[in-house]
Structures are given as structure tokens and as C-alpha cells.
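The values are calculated or read from the model by the stated rules, or taken from the named source; none is laboratory data. Small disclaimer: the values here were computed from a predicted structure and weren't measured. With ideal geometry, Cβ positions are generated from the backbone for all residues, glycine too; neighbour counts draw on all protein chains shown. Quick note on the areas: whole protein, heavy atoms, side chains included, nothing else; ligands and nucleic acids left out. Shrake-Rupley method; radii C 1.70, N 1.55, O 1.52, S 1.80 Å.
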Amino acid sequence: MHDHYESKPIPVVPLRGGTVFPGITTTVSIGRRASLAAAQAAIERGGDLLIVVQREAEVETPGTADVFPIGLLATARDMLRTPVGIQMLVELHRRVRVIDIESTEPFLIGRYEELAEEDAVDEALKLEAIAYLEQYVELAGETNQQIMMMTRSSKTLGELADYISGLISLPFETEIELLTDLNGRSRLETVLERLRQEVRIADIRSKIQSDARDGAEKAQRDYMLREQMKAIRKELGDEGEEGSEDLRDKIENAGMPSKVLERALSELRRLEYQGQQSAEASVIRTYLEWLIELPWNNETEDNFDIAHVREVLDSDHYGLEDVKERIVEYVAVRKLAGKDMKGAIINLNGPPGVGKTSIATSVAKAIGREMVRISLGGVHDEAEIRGHRRTYIGAIPGRIIRALRDAKTRNPVIVLDEIDKVGTDWRGDPSSALLEVLDPEQNHSFTDHYLEVPFDLSQVIFITTSNQLGTIPAPLLDRMETISMPGYIEDEKLAIARQYLLKKQQVANGIADVDVTMDDEALRGIIRYYTMEAGVRQLERNLGKVARKLAVRVASGEAGPFNVTEADIEEIMGPKKFTYGVIEERDEVGLVTGLAVNSYGGNTLPIEVSLSEGNGRITLTGSLGDVMRESAQAALTYARANARALGLEPSLFDKINIHIHVPDGATPKDGPSAGIAMATAVISALTQRPVRRDVAMTGEVTLRGKVLPIGGLKSKTIAAHRAGIKTVLLPKDNAKDIPELPERVRQDLELIPVGHLDEVMAVALLEPVGPPMKASEPEDARETAIVPPATNGNNGERIGQVN
């Protein structure tokens, strides 16, 4: 026992949230830099260090007042690096009184004094404590002979109390009480009381587990008895009677209309007459179960709060004002008209990735209805919609009735996805079966082939989605209110990426809590140079790639925040995939930018004309359809008929070959709207007048040079805007559609309505770069053969219905 004041300073390692006890060698987790430095210094100086316990775990650099007055004198033996952090192997000697702790660099320095402990030897108390410890470790399932040998070798009560304290789980307050108690007998009595309590708890837990096991065995025994009772009933012929009564109760409580109830009870009587082992009984029982499970009168209450509906729609989707307005109108009318109002039938038409299916899901959430999605892509069988007749083995109702069963309500939102991809073959025409489903005048009594009783679909909101309207049969299209979703302009994509997609990808890639920001220019770089789409699916995939790169950095130990700049994008994404800006590098003779639209959105469509000496042959290439070929013939006829007005000799056309090519050659194209573009390209090549590279045009041309209206103007102008075009020529009859274009498109593009080809040439053609083609100078004809470069800056992703 030492009774002197230790004046030599000693390194200090503070513990927080727990303590250790003297008499053993153990490991201590080192988390703070100062503690690590103290441990290393102690090892270098011989190993002695002072271990203290903090009163408050939050204090980072504790002083004398922040620790308990009793500490432990110890010897640091080694430092171990483990998967859970740095561990210090330390031999714990005895309790000492902490005199002073100084906050110095790089670790804490402390002074201590020895103190006297009261201890005793009491074999009876020692044996009682060991007996309780044996019970404790046995109940915990952690029996260890080495531990029991160590406890028996303890000489005094205090040593035994300290050893047991390190073995069992104790609250922090109890640990501190034991650390600061200098009386060995008192410490062991405290530990013994805790052991008694732990043994009682472990005993109760063991009893609960035993009772649970007995309960499971009883449940298994009951199940076996019930199965035996069922077999006995079956032998006595009592099973059918009880089953039919059970079905009768369910039928009467299902809320069926009177005619359906009458049909169900009739089928139930048939079931009672059938033997339980007959095949017909199984068919009837399945049929009755379907009738019982349908939501004949279960409805969800609509949320008529228009502000809430609008808020939900806006929180889930950016833009799409037409769709949102239509849903708000539906809620308003339903609020005023009540149950007299029929369900809405809306078709959302647009290219992939613009949010058609997801806005339908938001509609259900906004008005508080259940939502069921039915994918119609590739469906060929009419029975998929209307069900199979019960005479077929394995017959089930169609998808509409199954959707209602799943929704458990008669007024859900049913999304019919990809309605334009329904097929037709010898098994029937599903689109014709949908005529009844989607007709508000008929669907109040929709009859499924399996059920053979009418079901009211008039309260269902049907939302269909499609990529193109051309493949939807006209009678079916006539029953739906079509809302066009042509795609997003760059500013909209920027807002969607910032408000929705980036956060979604952070969550998907495990960095939701990391602060990530992207400059506007970085987002614009991804949109312009790594995507070429009407929707945002490719943009979301690219943002996912950015998020994964950041996830690698976070997993490697970086904490963030991260700011992704324009300079980082090319390093993350690799070389640019697309070009942005005016699609041609210079004004070319015989090269015009047309505009096309298809199921994937709008796109630019370069049209090239090359002239060569020949005999008047006309060649059309580029996978052109019949309508587009006829449009090219009309353009050539106009040029030939107006040769003198254009400063050309009519006989010239018999002395040259004209080749019209629309890249890329692998993609089929059709439609009349490239008429003025082809006419302009031909006239440019013949007159040697270059075409402005920042002008795009769309419109059908007649033999008299009139420009007729076209469709898909919104998609085409968005594509022109995306490609960096400055001026778009459009038919005069389409001028009425200009107010419906996005505001940014109207601001950035000069939209010029034209009624005649003369107006087109006045805007698009520049001054001649050479003399016009002449029939008398074949050598010049050879010189003026135009083979312009086929670059449009979209890496061959052009696809086209030119309508």
C-alpha cells in the first residue's frame, strides 16, 4: 500500500459511458486523438498511465471537474488495430485518487495520490457470490470454466467484486458506485444484489421461452386434431352442409346488388346438391368466392380539398399543367355533382420518360383513392380483359375484375399502361373489349365472361398511357380524353433534376444524408451533351452515375459536402456523346434541317440533295415511306414547274440526276411534313443558294407551292430548341398552336408562319455562291454536285414519323 503523493505527471486516458475495474488485463477502445497520443506516450515511457471516467460523455477535453475523483492506475502493454477501431491492451492495477488533470498538447496530463481500501476475507459470502454467478452464466448460455476458476482464485471480497463487475452487464450509475466504493465487502454485496436480480430475470425469460414452446406444441396438436375431425366429418358427410352455411353468411354480407345476390344464392343451391368430391363443386365454390371478394359497395372517400390535391400533384411532378388542371377540374365537379358524376377516362400520350405512369400514381394519392396498374403491352387475348367463361378449366375473371378485387374498392384509379401496344390475333381483339370498359355510357354494367353478372365501373377513374395515337383504334380513341405530354425543354429538365431526380438518386445510392450540390452549368452539361430525349429517363440514369461516383468517395472516407461543377462532368461521365447547338457547322447548299416527330418525341431531320450529270433520274434514299416519297415528288414537280421563275432552264431537269437522301438510312421515316424542307433543299442545290443552318422548317407542300398544316408542332419545336435552332418556319394554319408552346420555346425561337414556298425561300435561302445549274454546261454540272456532310449532332439517334 502506498501513502505518498505522486508528483511526476502521468498520461491520462479518459473513458466515457462506462468504466473498467482493477485486477485484470483487458482492452479499451481508443476513439480520441488525444487518448491515442497518451497511450503511445505511456508505452514509450514504461507503460504507466491514469485511466479516469468522465461524468458527461459529450465533453471532448475533460478537466479535473469533469471526471470522477477515483481513477485507475494502469500499465499500457500494446496498441491493437482491429476492424472496429484502435484497442489498447492495458493491465489495470488499483484505485487511486485523481488530484489534477491538465489539458496539454498532444494529450492530457494528470496527477494522483494513493489511497487506502478496506477489504476482507469472508469465504461464506464469497461462495454465495460464486454460486449466483454460476447460475447467471448457465442461464445466459455462456458457461466458461476459465471464468469460474478465476473467480475462485480471488483472495479478498474486493478482488472478487471487481472481477465479477467486469463480467456482468451493469448500468453506468452502478459501475460508478462500484468504482468509487473503497470498501470491498460493500462492493461485493452490491454486486451480489445485482446478480440475484439478473438471475431472477434470466429465470423468468427461460420460463417464457418454455411456455412459448409448449404453446407451439399445443397449437400443432390442435391442428392435427382439427384435421382428424375434418376427416371424420368428411366420412359422415357433414362437411358440405357446414361449408354451404358459411358461404351463405358471406354472400349475404357481401353487399351484392339484388340480381347478383339472386344469382349467387342460386349457385349456392347448386353447390349443395353436388357431392363435395365432384369437379363441378370446386368450380362453383371458386365462382362464389370471387363474387364474395369483389367490392360491391366498398368505396374510398374522395379528398375534395382542391388546394391539397394541387399541392400533392405539384410536390410529385414539375410542369404537366394540362394533366394537373384536368384532375383539379374532376375533383371540383365531383365535389359539386357528387355520385351523379361519371368517372373520368383520360389518355396521357407522349414519349417515354415524361412521367405518364408516375403522374397517374400521383392522381390516386392526391384524391385519396387506391391505384391499380394494368400493363397492356403485348396483350393479344380478349379474355385478358373480359375473362374466360367458366366452362374452361382454370378459368378466371379478366384483368379489370381482378384489379378491383385487389383494390378492395369499387372506385379506384385504374391505370391502363401502354394501351397503344395492344395486339390482335386469332384469340380476339383486346382493344375491342376495352370499348365497353372505357365507355361511360356502358361501363355501369360491365359484364365479365367469368362472372356473367354486371359490375358497375362508372365510379372508376381510368387513366391510359400511350406513346403514339396512330396504333389506337379510332373508336377506342374517341372514348378517351387525350392529353398530350410532348416532353420537356431544357429549363424544365434542369428544375426536375434539381428538385426530384438528384435527391432520388442520392437515396437510391446510399448518400441521402450527404450534402451534394450541382451547379446549373453541370446539370446543363449532362442534359446537352449526354442525353438526347424528350423525357428524363436517360438524365436520371446519368445522375445515378454521378451519385455512384460520389458514393465511392463517401465509402472511401470522405465526408463531403460535395459540389459537382461543369469541369467534373466530363471526368465522371466520360467523352461527350452528343453535340449541342446549331446542328451544322456552316451554311450548305442543298442541305436543309427538317423536323420530325415519333413515339419517342421530336427530332431534327437533315435532308440532303446532290446533283450530278445524268439523264433526269431521281433517287430517293434513307428508308423513306410511300407518303414521304410522294412528298419528294411533289417538291421536285414544283421546282420543275417554276424553273424559269427560279432562274433555271426547264430542260435542265432532263440533263441531271437528282439524289435526295434523309439520314440516317437505317431508320424508317414517313409522313408529308418534310415537303417544304425537301423542296427548299432541291431549289437550293439547283440555284446554288446556301440554306441558313440556324433555320428548321416543317410543313406539307402542294404542287402550287402552298404550305399545308402538320401535326406534332409542340414536339418539333421542342426538338428544334434542344438542337440550338434559332428560327422555325411553320405552316400558317398552325399559327393558332403557337400559344400552347412552352414559354421558353416561344422566347428563344423565332417562329415564322408561312403560307407559300416563296416565303420559305425568302427566309431560308442566302445569296448564291455560284451560277445556277445550266443544261448547256455539263462540266459545270459536275462541279456543282453537292455532297454535304451528314452531321446533325445526335449520334444517329434520329427516329422519325414526319407528320
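This table checks each residue for (1) surrounded by 12 or more Cβ atoms within 10 Å (Cβ to Cβ); (2) within 30 Å of PRO454 (Cβ to Cβ); (3) at pLDDT 80 or above; (4) among the basic types (Lys, Arg).
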{"site": "ASP214", "(1), (2), (3), (4)": "no, no, yes, no"}
{"site": "SER244", "(1), (2), (3), (4)": "yes, yes, no, no"}
{"site": "GLU267", "(1), (2), (3), (4)": "yes, yes, yes, no"}
{"site": "VAL283", "(1), (2), (3), (4)": "yes, yes, yes, no"}
{"site": "ILE292", "(1), (2), (3), (4)": "yes, yes, yes, no"}
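Out of all the residues in the stretch 20-61, which are buried (at least 21 other Cβ atoms within 10 Å of the Cβ), without any contact (Cβ under 8 Å) to a residue 60 or more places away in the chain and either more than 29 Å from ALA116 (Cβ to Cβ) or touching an Asp or Glu at 6+ places or on another chain (Cβ under 8 Å) (or both)? Within the stretch 20-61, just ALA42 meets the criteria. Checking each residue in the stretch 608-634 for being closer than 20 Å to GLY594 by Cβ, open to solvent by 40 Å² or more (accessible area, probe 1.4 Å) and not β-branched (Val, Ile, Thr) picks out SER623, ASP626, ARG629, GLU630, GLN633.
Between THR667, THR702, THR637, the distinction of being of a type in the set (Val, Ile, Thr), farther than 16 Å from PRO731 by Cα, touching a strand residue (DSSP E or B) at 6+ places or on another chain (Cβ under 9 Å) and open to solvent by 10 Å² or more (accessible area, probe 1.4 Å) belongs to THR667 only. Take the conditions (1) over 33 Å from the mean Cα position of the chain (by Cα); (2) under 24 Å from ASN298 (Cβ atoms); (3) of a type in the set (Gly, Ala, Ser); ALA474 misses just one of them, which is (2).
With respect to GLY343, is the statement that it is touching a residue at least 24 places away in the same chain (Cβ under 8 Å) and not polar (S, T, N, Q) true? Judged against the criteria, GLY343 is a match.
Applying a threshold of 6 Å to beta carbon distances and a minimum spacing of six or more residues, or different chains, the list of pairs starting in the stretch 162-181 at a residue that is part of a helix (DSSP H, G or I) and ending at one that is of a type in the set (Lys, Arg) reads LEU178/ARG187.
Looking at the stretch 406-414, is at least one residue open to solvent by less than 20 Å² (accessible area, probe 1.4 Å) and over 17 Å from GLY343 (Cβ atoms)? There is no residue in the stretch 406-414 that is open to solvent by less than 20 Å² (accessible area, probe 1.4 Å) and over 17 Å from GLY343 (Cβ atoms). Where residues in the stretch 643-660 are open to solvent by 50 Å² or more (accessible area, probe 1.4 Å) and in contact (Cβ under 8 Å) with a residue 60 or more places away in the chain, which of them is nearest to LEU766 (Cα to Cα)? Looking at residues that are open to solvent by 50 Å² or more (accessible area, probe 1.4 Å) and in contact (Cβ under 8 Å) with a residue 60 or more places away in the chain, I get GLU649. For the stretch 707-741, a residue qualifies if it is surrounded by fewer than 20 Cβ atoms within 10 Å (Cβ to Cβ) and in contact with a Gly (Cβ under 7 Å, 6 or more places away or on another chain), and the qualifying residues are LEU708, GLY724, LYS732. For GLU436, the conditions (1) within 22 Å of ALA264 (Cβ to Cβ); (2) charged (D, E, K, R); (3) open to solvent by 10 Å² or more (accessible area, probe 1.4 Å) all hold with the exception of (1). Of the residues making up the stretch 518-550, those that are among the polar types (S, T, N, Q) and either more than 16 Å from the chain's Cα centre (by Cα) or at pLDDT 90 or above (or both) number 2. Selection of the stretch 477-533 for residues being polar (S, T, N, Q), surrounded by 20 or more Cβ atoms within 10 Å (Cβ to Cβ) and in a helix (DSSP H, G or I) yields GLN505, GLN506. Quick check: is even one residue across the stretch 357-365 in contact with a Leu (Cβ under 8 Å, 6 or more places away or on another chain), in contact (Cβ under 8 Å) with a residue 40 or more places away in the chain, open to solvent by 10 Å² or more (accessible area, probe 1.4 Å) and outside any strand (DSSP E or B)? No, the stretch 357-365 contains no residue that is in contact with a Leu (Cβ under 8 Å, 6 or more places away or on another chain), in contact (Cβ under 8 Å) with a residue 40 or more places away in the chain, open to solvent by 10 Å² or more (accessible area, probe 1.4 Å) and outside any strand (DSSP E or B).
With respect to the conditions (1) open to solvent by 20 Å² or more (accessible area, probe 1.4 Å); (2) closer than 20 Å to ALA634 by Cα; (3) over 43 Å from the mean Cα position of the chain (by Cα), ALA681 falls short on a single one, namely (1).
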